[in-house]
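The values are calculated or read from the model by the stated rules, or taken from the named source; none is laboratory data. Everything quoted here is computed from the prediction, not taken from an experiment. For neighbour counting, all protein chains shown are included, and Cβ atoms are generated from backbone atoms with ideal geometry for every residue, glycine included. Ligands, DNA and RNA are stripped out before the accessible areas are found, and what is left, the full protein with its side chains, is counted by its heavy atoms. Shrake-Rupley method; radii C 1.70, N 1.55, O 1.52, S 1.80 Å.
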Amino acid sequence: MSRTMLIAGNWKMNGLTADGKALAALVAAGSSEAGCDLLVCPPATLIGTVGAALAGSSVSLGAQDCHGAESGAHTGDVSAEMLADAGCGFVIVGHSERRADHGESDETVHAKAQAAHRAGLIAVICVGETEAERDAGQAEAVVAGQIGGSLPQNATAANTVIAYEPVWAIGTGRTPTAEDVQAMHSHMRATVAASHGGDFAGQVRLLYGGSVKPGNAAELMGLADVDGALVGGASLVAEDFLAIATHCP
Ligand code: PEP
């Protein structure tokens, strides 16, 4: 089963209007060289600006979070419907920084993924173990548990992407070995095959995230069960983000 690779940039809480506009314009200008799908997820304040800068290019626009409800008394939150209305096609849910900083549980992430689907967005559901969990030999069990708790039962490969992001590899410059990444992705595919069936497992895109850079992208993107990357720091430099995309097989 061939899956189109996806390189997604998570800009996190970075960028003012001029920066976002310039970065998006550079990504859009270089996107025709990429042999894969490209996605950028700016902070909520820049969705309109970045959407305008990407117009006419093949680069997709996404957000970094959404609320589970469609509307209501949730001060400071943004709904999936609002993101769709603002031009987004994707939304990241369950990033480990939100799980840690905002105490988001698998149940919360599940509700956010369902909200994304309700609004017609593709949910990028993030999972990944802490260093202590890996050291304790629990990485596969933790990730399987997060998938079980966060992935809606009616998710499809068309409306869902799953990103494996070991917490200890995010922003640290450290990555698991290629063997460990492949082993985890294979385990993730087996996990979703058991819960969602073989067709879903064969078609769903599994991204790796955690210190992906131009220098390690070829090895990571060449792994059989890796269908792209969720990129944090390197997505803030258009040249690096685009260079990662050139390593899609
Ligand atoms: C991320 O936070 O999604 C991420 C992968 O960050 P970095 O690439 O900086 O490790």
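Summary of computed values
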item	result
Condition check for residue 194: surrounded by 15 or more Cβ atoms within 10 Å (Cβ to Cβ) and more than 16 Å from the ligand (Cβ to nearest atom)	no
Contacts under 6 angstrom Cβ, first residue in the stretch 2-23 being over 23 Å from residue 170 (Cβ atoms), partner in a helix (DSSP H, G or I), 6 or more apart	17/49; 21/49; 21/53
Residue that is nearest to residue 92 (Cα to Cα) [pool: residues in the stretch 147-180 that are in a helix (DSSP H, G or I) and more than 15 Å from the ligand (Cβ to nearest atom)]	150
Where residue 204 falls short, out of the listed (1) more than 12 Å from the ligand (Cβ to nearest atom); (2) open to solvent by 10 Å² or more (accessible area, probe 1.4 Å); (3) in contact with a helix residue (DSSP H, G or I) (Cβ under 7 Å, 6 or more places away or on another chain)	(2)
Some residue of the stretch 159-168 being more than 17 Å from the chain's Cα centre (by Cα) and crowded, with 18+ Cβ neighbours inside 10 Å	no
Matching residues in the stretch 103-150 - criterion: being among the charged types (D, E, K, R), in contact with a helix residue (DSSP H, G or I) (Cβ under 8 Å, 6 or more places away or on another chain) and open to solvent by 30 Å² or more (accessible area, probe 1.4 Å)	106, 107, 118, 131, 133, 134, 140
Criterion: touching a strand residue (DSSP E or B) at 6+ places or on another chain (Cβ under 7 Å) and within 16 Å of the ligand (Cβ to nearest atom) - qualifying residue of 234, 229, 243	229
Criterion violated by residue 209 - all others in (1) farther than 16 Å from residue 125 by Cβ; (2) within 11 Å of the ligand (Cβ to nearest atom); (3) crowded, with 23+ Cβ neighbours inside 10 Å; (4) among the small types (Gly, Ala, Ser) satisfied	(1)
